[in-house]
Amino acid sequence: MSTVLELTAVAKTFTMYLQGGVRLPVVRGVAFAVRAGECAVLAGRSGAGKSSILKMIFGTYRCDAGSIRVHADGRTVDVAQAQPRQILLLRARALGYVSQFLRAVPRVPTVDVVAEPLVIAGVERDHARRRAADLLRRLNIPERLWPLPPATFSGGEQQRVNIARGFISDLPLLLLDEPTASLDAGNRAVVVDLVAAKKRCGTAVVAIVHDDDVRAAIADTVVDVNRFTAAA
Amino acid sequence: MIERDEDQPLLVAEGLSKWYGKQLGCREVSFALYPGEVIAVVGESGSGKTTLLQLLSAQLAPSRGRVRYCMRDGATRDLASLGEAERRFLFRTDWGYVHQDPALGLRMAVSAGANVGERLMAIGWRHYGRIRETAGDWLARVEIDSGRIDDAPYTYSGGMRQRLQIARNLVTRPRLVFMDEPTGGLDVSVQARLLDLLRGLVAELALAAVIVTHDLAVARLLSHRIIVMKDGEIVETGLTDQVLDDPHQPYTQLLVSSVLPP
């Protein structure tokens with residue numbers, strides 16, 4: 001299968017001006033690639049820079065060196081060099097991200113929170129809502145909660161809403177930051193199935209998972225992030 | 001939302017500077033705004049945000065630099081070259097301007113329906129029934145009870161006034177809306193409702209917007225990109241999540257870290 005994501009010599013250092021300009025090196029020399037239909041799991045100790053790598057791929061963190069090439073939708077974009085507009089376009093067409101926590105918008109019903117990425121991509125609202133409903137049902141969110149905003153839901157429910165939102169689009173590259181962290185065994189299994197389905201459709205997946213069983217079930221390759229950790 | 005990357009910008013600011021005598025308003029501000037794109041301009045009071053908004057919307061003449069705008073016919077024009085009538089036409093049709101104080105953007109003594117209908121009459125609508133019907137639709141869209149259509153906005157609450165101002169601005173289907181602290185001065189619960197409403201309308205109508213705000217939560221919720229201003233100059237720009245989650249400039253780090261988490 002073709003390569004979807006390619007990181008080369010990626011480095012990141014935070015400079016904290018409010019703390020006297022102290023520099024916090026995070027990672028350096030990050031290099032790995034992921035092919036279509038393949039899942040790469042980032043492994044490493046806490047603080048090794050796993051989430052930072054994911055955020056650099058998504059464009060939330062800027063990287064100081066190297067390249068992050070995404071080959072999708074008939075073109076190649078280097079996220080490390082891309083203009084904001086190109087990154088927005090890439091996110092709309094090719095790049096999905098399930099964050100660790102749901103950033104809930106006040107007043108928006110759960111079903112619309114989940115449907116929103118499709119609506120933004122131009123899918124008709126009723127159709128998007130039906131897709132959202134399917135996913136919410138699979139993830140065991142009771143139907144009586146769908147019209148409610150998720151802000152008051154439990155941690156696990158919010159995470160499942162977040163997963164539904166992240167999985168609703170069919171994008172070539174999907175980034176998962178601890179998608180199963182606060183889920184019970186039954187829901188973890190659902191997420192494993194959802195990831196497997198994405199892979200079968202040719203989606204390349206980069207994931208951070210701490211649960212050994214989930215990792216074993218979804219990983220095709222494991223990237224040891226410890227070797228990229230930058231020395232302070 | 002951004003549809004294509006090939007399309008041309010709606011508005012381009014080139015080296016915009018403004019001095020009030022010796023006092024600097026803003027200096028060397030350049031950026032491009034694309035159709036459907038929302039840019040938040042953030043910074044503390046006195047950083048030049050409102051000056052910039054007035055320059056962009058041709059309410060102030062720049063001391064240096066220019067603003068180019070892509071008209072509905074596809075022609076790009078320098079705002080300074082527009083005649084008064086052309087500028088007024090832009091204001092009535094293609095642009096909206098939402099003031100922090102709704103009293104500045106509304107006629108407080110005439111009915112809500114007339115406030116919205118007036119914009120339609122200004123672009124040539126004459127059929128009373130149709131104007132009233134469209135005004136009613138828009139009041140519903142901004143969640144104002146249809147029973148209040150004949151009441152004047154001075155009888156409205158602050159949040160309702162702001163929603164009415166938004167309806168009045170959007171009824172002519174503008175392509176670009178300028179907003180100056182649209183949620184400033186409102187209770188938090190009222191803010192949330194307004195933000196959610198604005199967010200929906202901006203996405204649904206594919207509006208481009210320049211939103212001046214000192215509230216980073218507003219910027220995060222509504223904007224695609226952020227421009228950070230300090231002492232009249234741009235100190236940092238980028239994607240909204242980039243600027244807020246990985247700020248590179250000392251001033252932006254100060255702004256981001258000064259927000260108390262709820």
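Brief remarks follow.
- Residues being closer than 20 Å to B:Glu204 by Cα, among the hydroxyl-bearing types (Ser, Thr, Tyr) and either under 14 Å from the mean Cα position of the chain (by Cα) or in a helix (DSSP H, G or I) (or both) are represented in the range A:164-177 by at least one member.
- Filter result for B:Thr213 (under 26 Å from B:Gln59 (Cβ atoms) and either of a type in the set (Lys, Arg) or buried (at least 18 other Cβ atoms within 10 Å of the Cβ) (or both)): yes
- If only residues of the range A:123-148 that are part of a loop (DSSP other than H, G, I, E, B) and crowded, with 19+ Cβ neighbours inside 10 Å are counted, the one that is nearest to the chain's Cα centre (by Cα) is A:Leu139.
- The one condition in (1) at pLDDT 95 or above; (2) under 19 Å from the mean Cα position of the chain (by Cα) that A:Gly66 fails to fulfil: (2)
- Only one of B:Leu207, B:Leu170, B:Leu222, B:Leu176 that is modelled with pLDDT of 95 or more and in contact with a strand residue (DSSP E or B) (Cβ under 7 Å, 6 or more places away or on another chain): B:Leu176
- 2 or more residues within 13 Å of chain A (Cβ to nearest Cβ), within 17 Å of the chain's Cα centre (by Cα) and not hydrophobic (A, V, I, L, M, F, W, C): qualifying helices (runs of 4 or more DSSP H) within the range B:143-262: B:188-204
- Some residue of the range A:29-50 being in contact with a strand residue (DSSP E or B) (Cβ under 8 Å, 6 or more places away or on another chain) and within 11 Å of chain B (Cβ to nearest Cβ): no
- Members of the range A:91-120 that are out of contact with any helix residue (DSSP H, G or I) (no Cβ under 9 Å at 6 or more places or on another chain) and within 11 Å of chain B (Cβ to nearest Cβ): A:Arg93
- Matching strands (runs of 3 or more DSSP E) fully within the range A:1-86 where at least 3 residues are without any contact (Cβ under 8 Å) to a residue 12 or more places away in the chain: A:75-78
Okay, residues lined up against (1) touching a Gly at 6+ places or on another chain (Cβ under 9 Å); (2) β-branched (Val, Ile, Thr):
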{"site": "A:Lys199", "(1), (2)": "yes, no"}
{"site": "A:His210", "(1), (2)": "no, no"}
{"site": "A:Ala219", "(1), (2)": "no, no"}
{"site": "A:Val223", "(1), (2)": "yes, yes"}
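The values are calculated or read from the model by the stated rules, or taken from the named source; none is laboratory data. The shown structure was predicted, so the numbers you read here are calculated from the model rather than taken from an experiment. Note: ideal-geometry Cβ built from the backbone for every residue, glycine included; neighbour counts use all protein chains shown.
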